[in-house]
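Student: Let me begin by handing over the structure; questions about it come next.
The values are calculated or read from the model by the stated rules, or taken from the named source; none is laboratory data. Fair warning: this is a prediction, and the values are worked out from it, not measured in the lab. Using ideal geometry, Cβ is built from the backbone for each residue, glycine included, and neighbour counts are taken over all protein chains shown. Please note that ligands, DNA and RNA were not included when accessible areas were found on the heavy atoms of the full protein model with its side chains. Shrake-Rupley method; radii C 1.70, N 1.55, O 1.52, S 1.80 Å.
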Amino acid sequence: MAIYPCCFSFLLVSLFVSFCYAEIRLTEIRHDDRPIIPFDEFGFTHTGRLELNVSNIALSNQNPDLDMSKVGFFLCTRDAWMQVLLQIEDGYINCALNSDFVKLVFEFKQLKGKSNSFNTVYQENTADQYTLVFANCLSHVKVSMNVRSAMYNLDGKEKHRDYLSAGKTILPRVYFIFALVYFTLAGIWIYVLYLKRLTVFRIHLFMLAVIILKAVNLLCEAEDKSYIKRTGSAHGWDVLFYIFSFLKGVMLFTLIVLIGTGWSFLKPYLQDKEKNVLMVVIPLQVVANVAQIVIDETGPFGHDWMVWKQVFLLVDVVCCCAVLFPIVWSIKNLREAAKTDGKAAVNLMKLTLFRQYYIVVICYIYFTRVVVYALVTITSYKYLWTSVVAGEMATLAFYVFTGYKFKPEPHNPYFVIDDEEEEAAAEQLKLEDEFEL
């Protein structure tokens, strides 16, 4: 049956991809013959509500004998969906709407007369993470409709609506706290630059810009989630968030490349191959941010949603790999210089610094791209905020390490390395195995 490929696609999506924050969403479905269309995923508490308003319903086949009980909306958990797939595979049912494991929201057979719209409010009192799904089990029948969905929990004694999923409802406070931390970090960095203003390079001012952009980005994200939590709409804060997210992403990857090349504090220029890395990373960051916007704003019901998700992951991996090349080149150049310029001790210190930075960059990329993603997958929906905290803590640690290791340092012209230290450094360079990159 045609339902199998789509079922398995939806299963993979629901198991390994976190959907959006389930704000009030307006969706247009046009001439769609997919048997399964997943909408938003949401973590309900015991006071969960789903408001579903569907209008302009039109089927490509107007035969009055169609079994409209095979078309409708339902809620389903991830574990329940696996049971539904087993039932379909074993032949117990031929449509997901007939399964006892799903919670039926509305069947099109309930449409009155020739009505092409309906409004319903579904109460969910069993706390769990559900996905709103549309099922069309009629062969060769295309569906068009406008869907307005709103999922929320009633919070507190006054029953205020909370449009953020359970487990994500504290995210506004989390982002705001981290924004304050970064603004504080920016203030500390400004103070350090002022104290050591005679040894400040352009790269240090660039680092200040990255910290400020990160703080503003987090502040916009906090406001974005705060408005969604209270009203179901971002009220324009999502636009500011996307703008500063793009600027922060481009600046951060550019900073890693510039530090990796030693620009400003080791040499005042960039080589052609280093410029080429920037020319690759910056356009890829543009593509990555466009993909992120499409992923966030369309949701899994879009035909090309999974394609954009794959594009985002691919581009992100390419960017992460590209920024490592300048660090590798700097390490090799320092090793070669140590053998020829007679400054073994100084080159050993620089070599050690760039090796540490190379390892830290790899750890940062691995943690924020792999470990955090794994946390989202394995963590209960009630504690999804922990993956955000983990990712932001790793990013903060990376910023602090970078600032500490590459802060302005006065070079004492009267400081002379004695012969014994120079010989020991030269001997260590000789005895070291080639650094495995």
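Student: Given Cβ point charges of +1 (Lys, Arg) and -1 (Asp, Glu) and nothing else, what value in debye, to the nearest 20, does the dipole of the stretch 75-144 about its Cα centre take? Intermediate values should be presented prior to the final figure.
Tutor: On the way: 6 positive and 7 negative charges, 104 e Å.
Here the stretch 75-144 has a charge dipole of around 500 debye.
Student: With a 1.4 Å probe and every protein chain left in place, tell me how much accessible area Asp155 has, in Å² to the nearest 10.
Tutor: Per-residue accessible area (Asp155): approximately 80 Å².
Student: Follow-up question, since we're still on this one. What number comes out for the charge environment of Ala291, summing +1 per Lys or Arg and -1 per Asp or Glu over other residues with Cβ under 14 Å away?
Tutor: Details: positive: Lys309; negative: Asp296, Glu297, Asp304, Asp316.
Result for the local shell: -3.
Student: Roll a 1.4 Å probe over the protein chains and send me the accessible area per residue for the stretch 23-160 in Å².
Tutor: On the way: 6710 Å² over 138 residues.
I get 49 Å² per residue for the stretch 23-160.
Student: Further, regarding this structure: Considering only protein heavy atoms and a 1.4 Å probe, what is the carbon-and-sulfur percentage of the accessible area of the stretch 23-160?
Tutor: Details: 3000 of 6710 Å².
Answer for the stretch 23-160 is 45 percent, counting heavy atoms of protein chains only.
Student: Could you sort the peptides 143-150, 394-401 by per-residue average Cβ neighbour count (10 Å cutoff), highest mean leading? If you can, show how the numbers build up before the last one.
Tutor: Numbers: 143-150: 18.4, 394-401: 16.8.
Listed from highest to lowest mean packing, they are 143-150, 394-401.
Student: Let me ask something else. If you count only protein heavy atoms and use a 1.4 Å probe, how large is the accessible surface of Arg30, to the nearest 10 Å²?
Tutor: Spelled out: Arg30, probe radius 1.4 Å, area about 110 Å².
Student: Please compute the net charge surrounding Arg34, taking Lys and Arg as +1 and Asp and Glu as -1 over other residues with Cβ under 15 Å from its Cβ.
Tutor: On the way: positive: Arg30, Lys70, Lys142; negative: Glu28, Asp32, Asp33, Asp304.
Net of charged neighbours comes to -1.
Student: Over what distance in Å are the Cα centres of the stretch 117-132 and the stretch 198-218 separated?
Tutor: Here the two parts' Cα centres lie 46 Å apart.
Student: Moving on. Excluding Ala209 itself, what net charge comes from residues whose Cβ is under 12 Å from its Cβ, given Lys and Arg +1 and Asp and Glu -1? Could the numbers behind the result be given before it?
Tutor: On the way: positive: Arg202, Lys214, Lys248; negative: none.
Charge balance in the 12 Å sphere: +3.
Student: Still on this structure, please answer the following. Sort 165-171, 198-204, 323-329 by packing, meaning the average of other beta carbons within 10 Å per residue, with the highest value first. Please list the in-between numbers first.
Tutor: On the way: 165-171: 21.6, 198-204: 14.9, 323-329: 19.9.
With the highest mean Cβ count within 10 Å placed first, the list reads 165-171, 323-329, 198-204.
Student: I've got another one for you. Rolling a 1.4 angstrom probe over the protein heavy atoms, how many square angstrom per residue are accessible across the stretch 192-301?
Tutor: Details: 4830 Å² over 110 residues.
Normalised by residue count, the accessible surface of the stretch 192-301 is 44 Å².
Student: Something else: Quick check: the distance between the Cα centres of the stretch 81-96 and the stretch 143-195, to the nearest angstrom?
Tutor: Comparing the Cα centres of the stretch 81-96 and the stretch 143-195, I get a distance of 38 Å.
Student: Give or take rounding to whole Å, what are the principal axis extents of the alpha carbon atoms in the stretch 23-160, in descending order?
Tutor: If we take the Cα atoms of the stretch 23-160, the spans are 49, 36, 22 Å.
Student: Kindly report, to the nearest 10 Å², the accessible surface of Cys320 as traced by a 1.4 Å probe over protein heavy atoms only.
Tutor: 10
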